[in-house]
Amino acid sequence: MDRDSRDMLLETADRFFTERSGRAVVNEVEKGVWPADLWKEIEEMGLPLIAVPEDKGGAGGTLADMLALLRLAGSHAVPVPLAETALANLLIAAAGGEPKAGPATLALGNLTLNGGRLSGKIDRVPFASVAERFVTVVGNTVAVVAVGNATIEDKPSHAGEPYGTVTFDNAATESTAASPVSADRAFELAAVMRAMQMAGAH
């Protein structure tokens with residue numbers, strides 16, 4: 001994505017977030033209401049696919065493009081898993097997969113993968129209760145698990161953000177693939193993602 005394309009995308013997203021992601025929407029999310037229409041429009045704009053190559057259905061942007069978008073989303077306190085889904089989609093695409101539509105989140109931590117089945121428990125998974133799939137990296141393998149194959153215990157943060165504890169009990173995976181991004185690197189990318197959101201929020 002060239003500089004002009006990125007600037008145009010960010011300008012469009014800025015206007016959209018201003019119009020559609022006001023305080024009322026954030027308040028509703030804190031009460032447990034999922035803003036389905038807002039998410040649908042975000043997907044229609046292609047924002048969760050910003051760092052996915054065009055041949056995999058994405059916008060063809062870079063990691064830097066994604067981080068610029070997430071900083072902007074942070075400045076508007078956009079209350080959906082745009083960051084988590086964008087990074088999950090990047091990890092899937094980097095491993096040769098084609099991301100599916102729908103909100104996703106990251107379940108990174110002490111998990112084991114055996115014969116295409118995932119086991120372990122992760123605390124404080126953001127947007128666990130609204131994600132349609134969980135994406136993780138175990139060793140050098142990216143694994144995707146559908147929400148129906150995980151057990152989720154809602155544990156909202158003090159601010160009402162939809163966090164949860166996710167347990168995988170020999171869970172069947174939707175897909176696994178060799179990942180060029182290691183588990184440690186995935187953690188680092190998630191930390192950078194969160195830092196950009198926080199920088200935008202200040």
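The values are calculated or read from the model by the stated rules, or taken from the named source; none is laboratory data. Predicted model only: the values in this text are computed from it and were never measured. Please note: Cβ atoms are built from the backbone with ideal geometry, for glycine as well, and neighbour counts cover all protein chains shown. Just so you know, the surface numbers come from the protein's heavy atoms only, side chains and all, with ligands and any DNA or RNA stripped out. Shrake-Rupley method; radii C 1.70, N 1.55, O 1.52, S 1.80 Å.
Here is how the numbers come out for the structure above:
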| item | result |
| --- | --- |
| Accessible area per residue in Å² at 1.4 Å probe, computed on region 90-139 | 40 |
| Mean separation of Cα contacts under 8 Å (6+ apart) over length of region 93-139, as relative contact order % | 46 |
| Kirkwood hydrodynamic radius of the chain, Cα pairs, Å | 16.9 |
| Trypsin sites (Lys or Arg not before Pro) within region 93-129: DSSP coil, no more than 16 neighbouring Cβ in 10 Å | Lys100 |
| Relative contact order [Cα under 8 Å, 6+ residues apart], the chain, whole percent | 21 |
| Accessible surface of Thr18 - all protein chains present, 1.4 Å probe, nearest 10 Å² | 90 |
